[in-house]
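Q: Before we start, here is the structure in question, set down as structure tokens.
The values are calculated or read from the model by the stated rules, or taken from the named source; none is laboratory data. Here the structure is a predicted model, which is why all the values come from computation and not from measurement. In this analysis, Cβ positions are derived from the backbone assuming ideal geometry, glycine residues included, and neighbour counts consider all displayed protein chains.
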Amino acid sequence: MKVDYIVVGLGLAGLAFIEELIAAKKTFIVFEDDSQTSSLVAGGVYNPVILKRFTPVWNAQEQLKVALPFYKKIEKRLNIIVDEKLVIKKAFKSIEDQNNWFDALDKPKLIGYLDPKLDSQTYKGVIADFSFGNVNKTGRIDTKKLVESYRNNLKERELIRFENFEYQQINFENEFIKYKDVEASRVVFCEGFGITDNPYFKHLPLNEAKGELLTIHAPELNINFLLKSTLFVLPLGNNYYKVGATFNWVDKTSNPSEEGKEELVEKLKKVINVDYTIVSQSAGIRPTVAGRRPLVGVHPKHTQLIVLNGLGTRGVMIAPTVARNLFNHLEKGEKLDKEIDIKRFY
Ligand SMILES: Cc1cc2nc3c(=O)[nH]c(=O)nc-3n(C[C@H](O)[C@H](O)[C@H](O)COP(=O)(O)OP(=O)(O)OC[C@H]3O[C@@H](n4cnc5c(N)ncnc54)[C@H](O)[C@@H]3O)c2cc1C
């Protein structure tokens, strides 16, 4: 079998790169071994504001301009709905917190997102002593639905193999590589935390950050906005909510832990004061990088090998833009954004 590209990993990164391949009518085959879960468990929130400091997220406006039509296009093609517009309500912790919000209103990159009028309504079950600030034009991608539907579609078209990609089976020929029965011009590695097993790229500085979430059922909580307090509380409908997330820099497994659950339950006491039951718990490893810029580019020696990783805590917004930049770099000679290029580590 002869293809233009092998893509290893079908999370948000792999999916975004494949969209470029489909648009350009390139041939490809995907390998996916279910070893990582980040894109399946993610909250999926897109929000251009860092709500701890009220500062803009790196390139957020530019990224959203690409990302929103990107998800719309997939929704149409796969006949699914994954993009849900939601207002984020930030529950202020103090008067100082409120003042910082007002100070941030004039930041050019935040205009249109931070609402100047505070919301001092009370919402049954929500603990908030200092009102809320609304962040507009934000929302959530149902990443589980997106990734699963995408994988199913590729499966129907026999474009994905659910198996581990074995790095030692790569044979380098002049301009291409051979991998088992496949001959490909390039291999694009989109493995998330799985990169740590990849002998060609594992030296790149990925600081994995495990995150855990709970799904709860709270019959007396009736909110249709995304509550940002000590934790995120994300409405799923019918009084179900996703609650998260933890940050753990030590545990490198994707297994839900008792420790993670206890931390979330403890923090949730400061966020809501109604009864709830825990329906499920999930975990994944965010592929984060010190400096918060992705890891994208071409292997310095084996130019057939490419990496697309390091999407960190904001894969939903970042993936479409960096995948497009990478594709245009490989196929059209466009410059790779210096900030994301792995050359910065050579
Ligand atoms: C708890 C939690 C909450 C989050 N919330 C948000 C949020 O609200 N908004 C947001 O934007 N981001 C969020 N994120 C971050 C987001 O999930 C990541 O940025 C993004 O999913 C990373 O995508 P990826 O494709 O690079 O990696 P992954 O999703 O890890 O995908 C990599 C894929 O490669 C496969 N793979 C790896 N090695 C191999 C191999 N050798 N052979 C075959 N297949 C292989 C894995 O099985 C996996 O499917 C969250 C993450 C977590 C854990």
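Q: I'd like to verify a number: residues in segment 292-312 that are in a strand (DSSP E or B), within 10 Å of the ligand (Cβ to nearest atom) and out of contact with any helix residue (DSSP H, G or I) (no Cβ under 7 Å at 6 or more places or on another chain), how many?
A: The number of residues fulfilling the criteria is 0.
Q: Do we have L21 as within 14 Å of the ligand (Cβ to nearest atom), in a helix (DSSP H, G or I) and surrounded by fewer than 22 Cβ atoms within 10 Å (Cβ to Cβ) here?
A: On the way: within 14 Å of the ligand (Cβ to nearest atom): no; in a helix (DSSP H, G or I): yes; surrounded by fewer than 22 Cβ atoms within 10 Å (Cβ to Cβ): yes.
No: the conditions fail for L21.
Q: Give the number of residues within segment 208-235 that are part of a loop (DSSP other than H, G, I, E, B), within 14 Å of the ligand (Cβ to nearest atom) and out of contact with any Phe, Trp or Tyr (no Cβ under 9 Å at 6 or more places or on another chain).
A: Of all residues in segment 208-235, those part of a loop (DSSP other than H, G, I, E, B) come to 208, 218-225, 229-231.
Then drop every residue that is not within 14 Å of the ligand (Cβ to nearest atom), which leaves 208, 231.
Those left that are additionally out of contact with any Phe, Trp or Tyr (no Cβ under 9 Å at 6 or more places or on another chain): 231.
Selection size over segment 208-235: 1.
Q: Residues of segment 24-40 being near the ligand (Cβ under 6 Å from one of its atoms) and part of a loop (DSSP other than H, G, I, E, B), which ones? Full working, then the answer.
A: Just the residues of segment 24-40 that are near the ligand (Cβ under 6 Å from one of its atoms), to begin with: 31-36, 38-39.
If the condition is that a residue be near the ligand (Cβ under 6 Å from one of its atoms) and part of a loop (DSSP other than H, G, I, E, B), then E32, D33, D34, S35, Q36 are the ones that fit.
Q: I've got another one for you. Counting just the residues of segment 66-110 that are of a type in the set (D, E), surrounded by 15 or more Cβ atoms within 10 Å (Cβ to Cβ) and assigned to a helix (DSSP H, G or I), which one comes out modelled with the lowest pLDDT? Outline the logic, then answer.
A: First, the residues of segment 66-110 that are of a type in the set (D, E): 75, 83-84, 96-97, 103, 106.
In the following step, the residues that additionally are surrounded by 15 or more Cβ atoms within 10 Å (Cβ to Cβ) were identified as 75, 83-84, 97.
Subset that is assigned to a helix (DSSP H, G or I): 75, 97.
Details: E75: 98, D97: 92.
Only one residue fits best here, namely D97.
Q: Same structure again: Among the residues of segment 200-216, are any touching a strand residue (DSSP E or B) at 6+ places or on another chain (Cβ under 6 Å), closer than 26 Å to S39 by Cα, modelled with pLDDT under 95 and of a type outside the set (A, V, I, L, M)?
A: The answer is yes, given that some residue of segment 200-216 is touching a strand residue (DSSP E or B) at 6+ places or on another chain (Cβ under 6 Å), closer than 26 Å to S39 by Cα, modelled with pLDDT under 95 and of a type outside the set (A, V, I, L, M).
Q: For segment 41-64, name all the residues that are more than 7 Å from the ligand (Cβ to nearest atom) and in a helix (DSSP H, G or I).
A: First pass over segment 41-64, keeping only residues more than 7 Å from the ligand (Cβ to nearest atom): 47-64.
Result: A60, Q61, E62, Q63, L64.
Q: If you check G11, G43, which single one turns out to be buried (at least 16 other Cβ atoms within 10 Å of the Cβ), out of contact with any helix residue (DSSP H, G or I) (no Cβ under 7 Å at 6 or more places or on another chain) and closer than 20 Å to R292 by Cβ?
A: G43
This table checks each residue for (1) among the aromatic types (F, W, Y); (2) within 16 Å of the ligand (Cβ to nearest atom).
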position	(1), (2)
S120	no, no
K144	no, yes
Y150	yes, yes
K155	no, yes
